[in-house]
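Here, each number is a calculation from the coordinates, and none is a lab measurement. The shown structure was predicted, so the numbers you read here are calculated from the model rather than taken from an experiment. Reconstructed Cβ throughout: ideal geometry from the backbone, glycine too, with neighbour counts over all protein chains shown.
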Amino acid sequence: MTHTETGIMNEVDSLLQCLRQQTRQDHHELDHHPLLQRLLAPGLDRDSYAGILHAMYQPQWYMEASVEAGCQQLGLDPGRLSDARSPLLARDLAALGWPVPSSSDEAHLLTASSPGMFIGQRYVVEGARKGSIIVARQLRQTLGSAAPMSYFSHADPEPNWREFTRQLESLLPTIDRNAAITGARDMFHAFQCRLM
Ligand code: HEM
């Protein structure tokens, strides 16, 4: 690796570390949300699981639709975005015999107006995959591995995180750190507000 390449990697790591620190409290509040705590509880049954998935549909859809809108607004390559996970969530709901909530009542998406904001938002979308692996492991214990859980178990954090950091690297010169923090925190709040 050349000095320049090492310098870029250090900058990528430093920005990711900053986002992790600045959103630690937001993550703590979210993963302590009563609904998400119930997901991890040993007594979870299939119907409660379906109810929680139903509540998670709108926030997940909203995050993904916002990132897609920002990508378009900024003229970024849509091919670099990871596959959305809300269709997996819809599939799990259908397999559990539950309806998929309508997303048409969302008038305003969080459309990023700068690359920094976009990267901060995408950090939350891709980071959420990491926790899903832990949730999937717990669900296999409580509900058994035959329960529909593709949203959690097909989260594929590693390749998607790699792709995200490559995009971050390519946008690095245009990223304002404060905009990235704002983008990430707003996305956490948007998810939490919609989790009912
Ligand atoms: C019960 C639900 C959740 C649990 C137990 C959980 C747990 C975790 C854990 C253990 C990590 C660290 C994984 C690692 O470093 O490999 C993580 C990372 C992360 N999670 Fe969650 N999570 C949950 C829900 C969410 C949700 C709903 C979101 C976003 C909407 C989210 C956003 C993130 C982000 C952005 C990171 C990346 C942190 C980083 O590497 O910088 N999580 N989560």
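The set of residues in region 144-158 that are touching a residue at least 24 places away in the same chain (Cβ under 8 Å) and on the phi < 0 side of the Ramachandran plot comprises 147, 148, 149, 150, 151, 154, 155, 157. Which of the residues spanning region 123-140 are within 14 Å of the ligand (Cβ to nearest atom) and either more than 30 Å from residue 182 (Cβ to Cβ) or of a type in the set (A, V, I, L, M, F, W, C) (or both)? Correct list: 124, 125, 128, 133, 134, 135, 136, 137, 138, 139. (1) surrounded by 11 or more Cβ atoms within 10 Å (Cβ to Cβ); (2) more than 18 Å from the chain's Cα centre (by Cα): which one isn't true of residue 5, the others all being true? Condition not satisfied by residue 5: (1). All of (1) in a helix (DSSP H, G or I); (2) more than 13 Å from the chain's Cα centre (by Cα); (3) under 26 Å from residue 79 (Cα atoms); (4) within 13 Å of the ligand (Cβ to nearest atom) hold for residue 110 with one exception: (1).
Could we say that residue 55 is touching a residue at least 60 places away in the same chain (Cβ under 8 Å) and surrounded by 15 or more Cβ atoms within 10 Å (Cβ to Cβ) here? Taking the combined requirement at face value, the residue satisfies it.
The residue pairs whose first member lies in region 106-128 and is in contact (Cβ under 8 Å) with a residue 24 or more places away in the chain, whose second member is among the polar types (S, T, N, Q) and away from the ligand (no atom under 15 Å from the Cβ), and whose beta carbons are closer than 7 Å, counting only pairs six or more residues apart or on different chains, are 111/73; 112/73; 115/174. Return a yes/no flag: does region 31-52 have any residue that is under 23 Å from residue 175 (Cα atoms), within 12 Å of the ligand (Cβ to nearest atom) and among the acidic types (Asp, Glu). No, the conditions are met nowhere in region 31-52. For region 173-189, the set of residues classified as of a type outside the set (Ser, Thr, Tyr) and either within 18 Å of residue 131 (Cα to Cα) or loosely packed, with under 14 Cβ neighbours inside 10 Å (or both) consists of 173, 178, 184, 185, 187, 188, 189, listed by residue number.
Kindly provide the set of residues from region 164-193 that are of a type in the set (Lys, Arg) and either within 12 Å of the ligand (Cβ to nearest atom) or touching a Leu at 6+ places or on another chain (Cβ under 8 Å) (or both), ordered by number. Hits for region 164-193 are 177, 185.
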